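Since the structure comes first, as structure tokens, the remarks are kept for the end.
Just so you know, all these numbers are worked out from the coordinates, no wet-lab data involved. As the structure is a computational prediction, the values presented were derived from the model and not from experiment. Cβ placement follows ideal geometry from the backbone for every residue including glycine, while neighbour counts extend to all protein chains displayed.
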Amino acid sequence: MRDRLYRVAKHDALPGRLRALATISLGLLGDQPTASRALAKATLARLFKLLAIRHRYMDLTAALLHAASFQPEAAWTEEQRALLTTVLRTGGLPGGGRTFALDAQAAIALGRIAGPGDLALFAEMIGPKHVRRRNVRRSTVIALGTLAERHDGATRTAVAALLSAALPLERDPTTRKLLTIALGRTAAAAIRATRTFDETAQGLAGLLHATLRPGDDAAAPLPRNASYAMLGLALIGRALADVSAPAGPAWRQTTGTVLRRAAEDAGQSERHRAGAAMALGLLGRSADRDVLLALLSDTERTPLLRGAAARALGLVGPADAATLSLLHALFEESPRWPVRVHAAGALAALGDHTATEFLVTQLQARHASDQGAAAQALGNLGSAALVERRLAILQDGNQPMRARMAACAALGCMGDPEPRPSLARVVNDMNWRAGGGLFHWLADLL
């Protein structure tokens with residue numbers, strides 16, 4: 001599989017987008033626990049060989065950086081690490097001139113392999129006196145969230161302080177969204193490391209609650225970045241449940257009440273209600289299944305909200321017979337295509353293979369959102385037969401280009417034993433996707 005993806009990545013005659021996604025999938029295969037250090041080193045050598053070439057399609061260069069950063073930190077050489085820092089500082093590869101947004105992509109990539117010694121560089125990039133483009137600041141926020149997940153103690157505390165200080169001063173809406181996500185990631189990492197709801201995590205959780213409701217009026221419209229704040233709170237709640245922290249049940253009950261109210265409030269926007277539904281799924285309380293079932297069953301609601309409810313049901317956990325029956329009915333009978341796709345995704349997340357054939361066909365769907373949802377869902381249903389079918393789509397020059405790209409995406413998910421498809425983790429935290437829909441960010445959170 002790696003050899004075939006590499007051949008796509010280096011093939012000059014193929015479209016740049018396909019080559020970029022093949023590169024990402026190649027990198028993600030080195031993100032698996034089964035990948036050896038020797039294999040990761042060989043993958044890095046291949047990727048840096050391609051980085052030495054100046055490519056006409058800028059996203060291919062960015063994809064090479066991301067793919068490299070998904071190799072284990074121990075496989076990197078000092079020269080390879082130094083190259084990432086150079087790109088972040090200068091905005092381009094040595095001898096290759098500046099490339100649009102490459103410094104922003106380098107920040108995200110560096111966050112995946114950075115150590116405590118790189119914190120000063122990130123602090124410089126996010127500081128109030130930094131004059132670089134907003135893209136660099138946004139990417140630095142993403143990188144800080146990743147750094148906090150990878151390092152304990154003083155490093156995570158320092159990251160929490162940087163993010164907390166930046167949020168009230170930030171005026172760019174997209175950067176504020178990314179800050180709320182990073183705050184949730186940092187708090188969740190602290191909870192899992194200490195197995196308690198420590199002072200750092202409590203402070204960040206309080207900041208997110210204040211962001212969600214800046215005033216005292218519970219009936220007021222939610223602020224612009226509310227969906228992301230809710231997902232950040234759900235991250236914290238899931239972490240509390242995972243470690244069985246003593247303070248967890250009460251905090252999750254309070255947060256669940258806030259999220260349920262937002263999901264059920266017809267006065268809020270459909271997007272905010274969809275964000276609340278997603279957050280309820282991520283929070284993982286079986287007690288909230290009734291709200292999600294009600295949203296999913298309501299044919300008056302938009303496909304966005306009903307699709308969010310379907311996906312959320314797949315996240316809550318083992319489903320009862322009534323939930324499975326409804327998901328099957330929607331998958332088989334719904335006239336609304338997005339609802340059907342997300343019902344199929346929920347079934348896959350629950351380990352039900354009924355929708356497998358449908359999901360494979362959706363790699364060739366008309367809409368990119370349907371293709372992405374299918375690729376994510378198929379990551380939960382890995383098998384040798386599915387690998388061969390995706391490879392066949394990838395290599396078939398008569399297939400639509402987006403179908404071949406979706407097949408690349410699905411291949412990147414293969415073999416990942418974690419509950420989150422790792423491809424979505426990469427594609428969705430790329431900076432140019434930062435303003436995208438809730439379904440994009442969900443994958444990065446799971």
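Of note:
- Translational diffusion of segment 79-215, µm² s⁻¹ [Kirkwood Rh, Cα pairs; Stokes-Einstein; 37 °C; 0.692 mPa s]: 216
- When the alpha carbon gyration tensor of segment 110-185 is reduced to an equivalent ellipsoid, its three semi-axes come out at 18, 13, 11 angstrom, largest first.
- The base-10 log of I(q)/I(0) for segment 1-76, evaluated at q = 0.26 Å⁻¹, reads -1.21 [Debye formula, identical scatterers on Cα atoms, solvent excluded].
- Amide hydrogen proximity for F197: with H placed 1.01 Å from N in the peptide plane, the residues at 5 or more positions away or on another chain lying under 5 Å are A247.
- Radius 10 Å from Cβ of A188, net charge of other residues (Lys, Arg +1; Asp, Glu -1): +1
- Backbone amide hydrogens, once placed in the peptide plane, bring L93 within less than 5 Å of T99, excluding anything fewer than 5 places away on its chain.
- Average silhouette area of segment 183-289, convex hull of alpha-carbon atoms, in square nanometres: 6.0
- Which of D265, D103, D352, D12 has the fewest Cβ neighbours within 10 Å, and the rest in rising order: D12, D265, D352, D103
- Note on segment 142-218: semi-axes of the ellipsoid equivalent to its C-alpha gyration tensor, largest first and rounded to whole Å, are 21, 15, 9.
- Alpha carbon centroid spacing (whole Å) that separates segment 230-286 from segment 101-124: 31
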